[in-house]
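What follows is a short report on a single structure.
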Amino acid sequence: MSGAALAVVVVVVFLLALYLLQRYGDLRKQQRVVLLGTLLSWYLCFLIVFILSVSPISQANYAILIMRVCVCVYSVPKCEEPWSYIPDGILPVFWRVVYWTSQFLTWMLLPFMQSYARAGAFSRMGKMKTALIENAIYYGTYLLIFISLLIYLAAHPKWTLTWYLQTIGITAANTWGLFLLVLLLGYGLVEIPRSYWLSSSPDYLLAKTYFKAAKIAVEKAEAEENLVDVMEEVAGVHESIRHNHSLRKCVDTILTKCPVEYQEEIGRNVENSGGEPSVIPTKKSLINLHKKVISAVQRHGQTRVQWSILSDQAFHLEDVTKSRSSPTRQFTHSFLVTPSSWIRRFIYTSTVEWYWECVFRQGFCRFVAVLLCLLSAAVVWSECTFFSTHPVLSLFAVFIQAAEKHYNYIWIEMACFASILFMCVCVYSTVFSIRFFNYYYLVPHHQTDAYSLQFSGMLFCRLTPPLCLNFLGLIHMDSAISHQDRIQTSYTSIMGSMRLLSFISDGFYIYYPMLVLLLCLATFYKLGSRCLNLLGFHQYVSDDDLISDLVDEGRELIRRERRKRQKAEDGENRRFVRIFTQLICYSGSKYPKPKAKLCPLCCMTGSSGLR
């Protein structure tokens, strides 16, 4: 990779991270420090993956391979450097900066920023104080581990302090990340191919959408009730603390976080009330109330947007079911769809949409599902056998070594890019889809809260380095795992010698990834979903009677929403026709202005010809 190509990758990855942040976060309303921390963490992790996938071999390896080409291929007068070759000294510095910056973010800065963003204090110093107190145990644990390592090193003066601490720190971080990586990878390797296979059936998707609608309707009602309760507390505080009170600025700050309709209602109620003010709250109670308001408003907005998205999905799937039997082969929408772009107007017409939704989509999704199943099987097999070097059993290592023998650098880069990209999709998509109650949940359409955004950044920074090391182990380019006598890559050179801790390099790193097979089997049989159903957290399992009841409930809710939207659309159409008729009646071009006579267009009488 030349310098220009490296610069293009850096820019493209930045735009990708910015797009995802714009999709899940709110660039206008959320705090700048939250957006910056999340963007930087996502960007660095994506950058590690993209650079590693197109430059898996170090500069030394390239030099050796090029020398082999010159010696073995006599018909080639001059050795040509691969397009992905980077001059000496650039990649090691690049990896050190990116790696240590991401580790500082995930272990030090982002936990502090999480607490800062959730704090209900009214000043920056107050939020920083709250964040330091909440992370005291977190940082204290790090300090205790560091002191223990210093004492241990004092008893072994033969080891270099800086080198040993760096190796221990990297090993500990990668071990923790690998533990979580295998869990997420085992889920994604099965769920992603299965989701594509099941998405080929509109009936299955419609039933699952009904189920989700029933669940989100309950959450929406709970969020509305919680918001009403919190607004009642705000109204009481607004009434008790007058404008000449020292805590009035805090109350005004809380009011700015409330929805506009509640602000107006609270103002009217205070003007109409003439009673004695209630007990004045303390500043600590106002801080707690401020935190509750932010959480309640955020959750209320999330449920409203989720309900709207699910309703649109259900309407579309119902339209697909109805359009299957269309004799004209035209896709019919339940509601008016205005072609907002030239693609939908001239290319993706109703006929093209009918062929895609009713004919080709099913076969395409199943074809993609089969390809993803083959990739998943290759990953599982390689994870269970990558430690074997004689013979080489890892499929990815076989492909890479075959390309090395033929000096095909393009094939090496394409194979590495496709392999690590698929593994990243399996892991990262799980991070974007999992939900831990209301504490961590990535919601699209700018509805993700600051805590979840930063928590995702922490997960990415902790998962990406062990993911890259695991990938290098699969293709036998990590000598600490494969125990082959070969030159290290630029990435593994900054990780230190994993052989310092033999029980990690020869034990945990080798045998723990084999658990991905058990996790894939558990995901295939939906053991996790069935356990959550037993605990009362309903998950979609088609052979459960309770789930069938929720599907029926969701179908009825969608039917009500359809009638509601249909009435609103009919009202808009009547209003448009009435306005359009008025414009024609008074245009004077075709019909004279009526004088208490029957209007030929609107068929009404009166002095103006209209009601």
Name the helices (runs of 4 or more DSSP H) wholly inside region 337-428 in which the number of residues that are in contact with a strand residue (DSSP E or B) (Cβ under 9 Å, 6 or more places away or on another chain) and touching a residue at least 60 places away in the same chain (Cβ under 8 Å) is 1 or more.
395-405
What number goes with the only condition from (1) under 30 Å from I475 (Cα atoms); (2) in a helix (DSSP H, G or I); (3) at pLDDT below 75 that W100 does not pass?
(3)
Picked from region 509-552 (must be outside any helix (DSSP H, G or I) and surrounded by fewer than 13 Cβ atoms within 10 Å (Cβ to Cβ)), the residue farthest from the chain's Cα centre (by Cα) is D543
On the basis of being open to solvent by 70 Å² or more (accessible area, probe 1.4 Å), farther than 29 Å from H290 by Cβ, at pLDDT below 90 and among the aliphatic types (A, V, I, L, M), does L161 make the cut?
yes
Being surrounded by fewer than 14 Cβ atoms within 10 Å (Cβ to Cβ) and either under 14 Å from I216 (Cβ atoms) or not polar (S, T, N, Q) (or both) narrows R565, R559, R555 down to just R559
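To keep it simple, each residue is scored yes or no on (1) part of a helix (DSSP H, G or I); (2) β-branched (V, I, T).
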site	(1), (2)
K212	yes, no
V228	yes, yes
H245	no, no
D312	yes, no
T321	yes, yes
Which numbered condition in (1) surrounded by fewer than 18 Cβ atoms within 10 Å (Cβ to Cβ); (2) modelled with pLDDT under 90; (3) part of a helix (DSSP H, G or I) is the only one that H333 fails?
(3)
Scanning region 202-243 for residues that are farther than 27 Å from H316 by Cβ and either aliphatic (A, V, I, L, M) or in contact with a His (Cβ under 7 Å, 6 or more places away or on another chain) (or both), the one surrounded by the fewest Cβ atoms within 10 Å (Cβ to Cβ) turns out to be V228
Just checking, does region 228-240 include any residue being under 27 Å from the mean Cα position of the chain (by Cα), closer than 25 Å to R304 by Cβ and among the aliphatic types (A, V, I, L, M)?
no
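Each row is one residue, and each column tells you yes or no for (1) of a type outside the set (F, W, Y); (2) open to solvent by less than 30 Å² (accessible area, probe 1.4 Å); (3) farther than 26 Å from K567 by Cα.
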{"residue": "S326", "(1), (2), (3)": "yes, yes, no"}
{"residue": "F364", "(1), (2), (3)": "no, no, yes"}
{"residue": "L375", "(1), (2), (3)": "yes, no, yes"}
{"residue": "L393", "(1), (2), (3)": "yes, no, yes"}
Taking region 103-133 only, how many residues are more than 25 Å from the chain's Cα centre (by Cα) and not in a helix (DSSP H, G or I)?
4
Over region 6-52, the set of residues in contact (Cβ under 8 Å) with a residue 24 or more places away in the chain and of a type in the set (F, W, Y) is F14, Y24, W42, Y43, F46, F50
Would you please list the contacts, defined by Cβ atoms under 7 Å and residues six or more apart or on different chains, that run from a residue in region 180-207 that is under 16 Å from S433 (Cα atoms) and assigned to a helix (DSSP H, G or I) to a residue that is small (G, A, S) and open to solvent by 20 Å² or more (accessible area, probe 1.4 Å)?
G188/S429; I192/S429
Yes or no: L421 out of contact with any Pro (no Cβ under 9 Å at 6 or more places or on another chain) and either among the aromatic types (F, W, Y) or farther than 30 Å from S295 by Cα (or both)?
yes
Being in contact with a Ser or Thr (Cβ under 9 Å, 6 or more places away or on another chain) and among the β-branched types (V, I, T) is the filter; apply it to region 377-391 and report the residue that is surrounded by the fewest Cβ atoms within 10 Å (Cβ to Cβ).
T389
Scan region 342-362 for residues that are open to solvent by 80 Å² or more (accessible area, probe 1.4 Å), closer than 30 Å to G188 by Cβ and not aromatic (F, W, Y) and jot them down.
Q362
Would you say I66 is assigned to a helix (DSSP H, G or I) and either modelled with pLDDT under 85 or aromatic (F, W, Y) (or both)?
yes
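The values are calculated or read from the model by the stated rules, or taken from the named source; none is laboratory data. Remember, predicted model here, so these are calculated numbers, not experimental data. As a convention, Cβ positions derive from the backbone with ideal geometry for all residues, glycine included, and neighbour counts pool all protein chains shown. Remember, those area values only see protein heavy atoms, side chains included, never the ligands or the DNA or RNA. Shrake-Rupley method; radii C 1.70, N 1.55, O 1.52, S 1.80 Å.
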